[in-house]
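Comments concern the structure below.
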Amino acid sequence: MLYKSFEFKNIYGQKVKVVDIPVLGIEDRHYFIIQVRLQNLVSSLYETPQPKSCYSFRDYVKRKMKWSDFEEIFTLRDYKNA
């Protein structure tokens, strides 16, 4: 599984980093829900002062999604050389 991170400054000037964001293709059935959850997390972090500077998207999604969907997204996928 490939992951990306996202770093920005909130309205208070604090630097905030979100890590463990899964990279999904548009055709993946979980693509939309991941995009919505990421947008919700970033908007909540943007509008309020934060006690820490780094947040895990994986931990956030673990609390917000059904466990079966979470496991489908974050299980390790084996990629073979083509």
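All of the numbers you see were taken from the coordinates with simple rules; none came from a lab. Here the structure is a predicted model, which is why all the values come from computation and not from measurement. Using ideal geometry, Cβ is built from the backbone for each residue, glycine included, and neighbour counts are taken over all protein chains shown.
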With DSSP loop assignment and no more than 11 other C-beta atoms within 10 Å, the chymotrypsin sites (Phe, Trp or Tyr not before Pro) in the stretch 1-80 are Tyr12, Tyr79
Charge dipole (the chain, unit charges on Cβ, about Cα centre) - positive-most of Gly25, Leu45, Tyr60:
Leu45
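Explain nothing, just the number: dipole magnitude of the chain about its Cα centre with +1 on each Lys and Arg Cβ and -1 on each Asp and Glu Cβ, in debye rounded to the nearest 20. Please report the intermediate quantities before stating the final value.
Numbers: 14 positive and 10 negative charges, 50 e Å.
Once rounded to the nearest 20, the dipole reads 240 debye.
Which percentage, to the nearest 5, of the DSSP beta bridges contained in the chain is antiparallel?
Taking every DSSP beta bridge with both residues in the chain, the antiparallel ones total about 65 percent.
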In the chain, helical segments from DSSP H whose Cα atoms cover 18 Å or more along their own axis and that average at least -0.5 on the Kyte-Doolittle scale are 31-47
Average Cα contact separation per residue, the chain, under 8 Å, 6 or more apart, as relative contact order %
34 percent
Using helices alone, what [θ] at 222 nm do you get for the chain, with -39,500 (n - 2.57) per DSSP H run of 4 or more residues, divided over all residues and rounded to the nearest 500?
-12000 deg cm²/dmol
In nm, to one decimal, how far is the modelled label at Glu7 from the one at Ser56, with both set 7 Å along Cα→Cβ?
2.0 nm
